[in-house]
Structure formats: structure tokens, C-alpha cells
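Asks: Just dropping this structure here.
Where a number appears in this text, it was derived from the coordinates with a stated rule and is not lab data. The model shown is predicted, which means the values in this text are computed figures rather than measured ones. Here Cβ is always computed from backbone atoms with ideal geometry, including for glycine, and neighbour counts include all displayed protein chains.
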Amino acid sequence: MTVAVVNIGRSHTGNFAGESLAGDAIVIKDGRIAWIGQTSDVASGDHPQTIDVRGMTVIPGLIDSHVHTTFGDYTPRQNTVGFLESYVHGGTTTSISASEVHVPGRPTDVVGIKALAIAAHHSYRNYFPGGMTVHGGSVILEPGLSDADFVELRQAGVWLAKGGFGAFNSPEEYIPMVHSARKAGIVVMCHSGGGSIPGSMDKIAVDVLLEMNPNIAGHINGGPTSLTPEENARIVSESDEIALQLVHAGNLRSAIDIAEQALQQAQFHRIMIATDTPTGTGVIPLGMLRQMAELCSLGPLTPEQAVSAATGNVSAVYGLEEGLLEVGRPANLVALDAPLGSRADSAFDALAIGDLPAVTMVISRGELRVTRSRNTPAGKRAVALD
Ligand SMILES: [Zn+2]
């Protein structure tokens, strides 16, 4: 089964530099991008399905690196069913678990937290809500986890860990455990800033974050309570490898500060846009697009940089196959347009002025999932199917 996407207008491969596709057409085969070239080279009738995007903008499917998945397409935090499928209508085709901390009665003993992460990881290998790829199973760091436990988890497929919810007496106690998890090949995201929900730690400050040296400073702009401006400056300048995750459910002022400093210090590759949802802040299907529009219209990012921060930068930090429009990569593509009624004429121009682009097509894992988002406004144009 092949699918052709033709007449692409502006495009973005997802990479750090914000490059466009070398062409205006993509052919998908067996769930992957098989060819990139010119629409004039795609003969009608060559493919069982041809999607004419009529000059609209095409980018990689967005990757939300901070989603509190549990099991299935349900969040106990807000008692909402079907939220992941709804996020696909916001252009998100990959979610990365920020730990299954919202599972009711979640265990805190070593056997229980390992079982939880392993079960979540394995269940999302077989389940794609709305076509979304979910990287589930992020082990919650709790006292008692040993080097051997991390090795066992890694062997069972678990490759994510989250620090910040464990029953530790002080944030410093996380430091050796983060190092132990990383040594086993696990990608570690740590909470930063003030506590998120009742029962979590008061604050994880910049000194301890720098010593932990996690792969990712989770919601470095606050989840939802931010660090101080001085700490924001230090996390950018005193590390050159901790990824800086800017979330919609955080502090926007702080996100703008951190983005500005990262750009000034040639650290843009560390910036990732995410939502940190579902949380107390809610279920936000357009959270990725909103964070992108806010950081473009109020903050320093160009629309091209916002797309990189929501796709290719995330791919690089986590070592994912998704997030780039290149031959051989998973076929996760989103078409965007200026929304009806906007003064902008293209998706990127809409982002620049703070309007949410219309999601007019979502392809994930090689299959057409959405032709008109039920969550965004309609676009000025619509795809034509053949
Ligand atoms: Zn979170």
C-alpha cells in the first residue's frame, strides 16, 4: 500500500536547522517515507491513495515529550476517555510518558514500580490510540531501586525514568539514582521547579538538577511553578547537555526567558516543546500548538524553530525514529494552514502572530487519520483526496 502526498507548499523536515523538504511530494510505503521528490513526478493512478494538500504547510507529526499516560486512552487525573485520540487532532502523533504517576493507587515499592513501568511499556507496543505512537512505561524513581533493577528494567524494554515523585527525604537523594539509571541506558527526565501535586517534593532547584544531570530537565519553566530567573540562566549556561523542556502547563514568562537565553548561547538544540498534560491544568489537545504559537508570538522563536523544538529536537534528545521527514523514517506527517478568519495566509504566519494553525491532515504510521481536525478551526484550504 502506497500513499502519495502532493502539492506541498512550505515544509519543514523537523531538523534543527529548519530545512525544507527537497521537493513538494512524499510517497509513503508500508508505514514509512519511501520517496521525497516533485509532484510532477507523481503520476495520477500510481498510488492507491493520493492526497493533494493544495499548497499547505507540511511538518512532521508533533512529539509531546511530557504526557502523563496511564493505560489505554484514559486519564484518571481528569477522568477523561479518548484524550490521546483527541491529541492526534491537535497534530501530536507521538507521546512520551512522563511516568504513570496518575494510576490510582500507584505502587511505591520496588516490585510494584517496576511492574507498572514494564506493563505500561509493553501495552503501548500493541496499542496506538487514534494512530498515535505512545512510548509508555517511565519508571518512577523511588527509594530502593538498585543498579540491578535498572538493568532488569532495561532488559524488559523500559527505557524511560522520571524523578520527582518518589518518597525521598531530600532532592539530593535522587542524584546517585539518576546516575545509576543513566548508566543502565535509561533516559531520565527529572522534575524541576516547585511541586506539582499534593504529596510531591516542595522544590527541585537548579543546583541539584545540575548535579543530577538528567537527560531532560522536565518542565524547566515550571510544572507549574517555575525556578527563579537566576536559576533559569544557570540551567542554560552551566550545562550544555541537559535538554530544556518548555511545557504549556508551566510558567510562560519563564519559558520565554529560557528560550531567549538558549538562543543567545547557541543552545537551541536543547529546547523541546511539550504540554505536561493531563495534569491539574487539564487535558489540552491543542497544547503543543498553543505553546508553539505563544513562544513565537510573545517569545523569541521563529515558527521554524518552534517546529524543530516540537519534532526534530525531541527526536535527537530521545533517540527516536519519529520527528523527521526523511526517507526511511516513520510516516508521521501533519498538514497545517492558516485558520479561517485569520489575518495570516499560511500556518507559519499564523504561528508568528499567535493564531493557532488549522490541522488539515494527519498521517501517522503511514495511515491517513485526520482530514479536518475536530479541535482546531477549519483551514483556509482543505486537502483533496483522490
Ligand atoms: Zn508532569
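Asks: Quick one: what do you get for the chain if you divide its Cα Rg by 2.2 N^0.38 Å?
Replies: Dividing the Cα radius of gyration by 2.2 N^0.38 Å gives 0.95.
Asks: Please compute the Cα-Cα pair-distance distribution of region 1-99 with 10 Å bins starting at 0, giving whole percents from short to long.
Replies: It works out to 14, 36, 27, 19, 4, in whole percents.
Asks: Taking 1 over the mean of 1/r across every pair of different Cα atoms in region 121-183, what Kirkwood radius in Å do you get?
Replies: When all Cα pairs of region 121-183 are included, the Kirkwood radius is 12.8 Å.
Asks: For region 4-27 and region 327-354, compute the distance between their C-alpha centroids and round to whole Å.
Replies: 12
Asks: Given the C-alpha centroids of region 252-266 and region 111-143, what is the distance between them in whole angstrom?
Replies: Comparing the Cα centres of region 252-266 and region 111-143, I get a distance of 32 Å.
Asks: Return the long-range amide H neighbours of VAL139 (sequence gap of 5 or more, or a different chain), with a cut-off of under 5 Å between placed amide H atoms.
Replies: Sorted by chain and number, the residues that satisfy this are LEU160, ALA161, LYS162.
Asks: Give me the Kirkwood hydrodynamic radius of region 258-386, using the inverse of the mean 1/r over all pairs of distinct Cα atoms, in Å to one decimal.
Replies: About 15.5 Å, per the Kirkwood formula over Cα pairs.
Asks: Please work out, to two decimal places, the log10 of the ratio I(q)/I(0) at q = 0.13, 0.16, 0.21, 0.23 Å⁻¹ from a Debye calculation in which every Cα of region 87-169 carries one identical scatterer.
Replies: Evaluating at q = 0.13, 0.16, 0.21, 0.23 Å⁻¹ gives log10 I(q)/I(0) of -0.41, -0.60, -0.93, -1.06.
Asks: Further, regarding this structure: For region 62-285, take N as its residue count and report Rg(C-alpha) divided by 2.2 N^0.38 Å.
Replies: 0.94
Asks: So what J values fall out for region 7-21 if you push phi through Karplus, 6.51 cos²θ - 1.76 cosθ + 1.60 with θ = phi - 60°, rounded to Hz, Gly and Pro as x?
Replies: Taking θ as phi minus 60°, the curve returns 6, 6, x, 5, 8, 8, 6, x, 6, 3, 7, x, 5, 8, 5 Hz for region 7-21.
Asks: Would you check the chain for Lys pairs whose C-alpha atoms are within less than 20 Å, ignoring same-chain pairs closer than 8 in sequence, and give me the count?
Replies: Step by step, the pairs that qualify in the chain add up to 4.
Asks: Taking the square root of 5 times each eigenvalue of the Cα gyration tensor, what semi-axes in Å does the equivalent ellipsoid of region 36-180 have, largest first?
Replies: Each semi-axis is √(5λ); the values are 38, 17, 14 Å.
Asks: For region 26-37, in order, what is each residue's ³J(HN,Hα) by Karplus, 6.51 cos²θ - 1.76 cosθ + 1.60 with θ = phi - 60°, in whole Hz (x at glycine and Pro)?
Replies: For region 26-37, the Karplus-derived couplings read 9, 10, 10, 9, 6, x, 10, 6, 9, 7, 10, x Hz, x marking Gly and Pro.
Asks: Continuing with the same structure: Bin all alpha-carbon pair distances of region 146-219 at 5 Å intervals from 0 and give each bin's fraction as a whole percent.
Replies: Once binned at 5 Å, the Cα pair distances of region 146-219 give 3, 18, 29, 24, 16, 9, 2.
Asks: Give the long-range amide H neighbours of TYR74: residues separated by 5 or more places, or on another chain, with amide H under 5 Å away, using H modelled in the peptide plane at 1.01 Å from N.
Replies: GLY82
Asks: Apply 1/(1 + (r/R0)^6) to the Cβ-Cβ distance of GLU211 and THR80, taking R0 = 35 Å, and write down the FRET efficiency to the nearest 0.05.
Replies: After rounding, the FRET efficiency stands at 0.40.
Asks: Still on this structure, please answer the following. Just for the Cα atoms in region 179-242, what are the lengths along the principal axes, largest first, rounded to whole Å?
Replies: Projected onto the principal axes, the Cα atoms of region 179-242 cover 30, 29, 15 Å.
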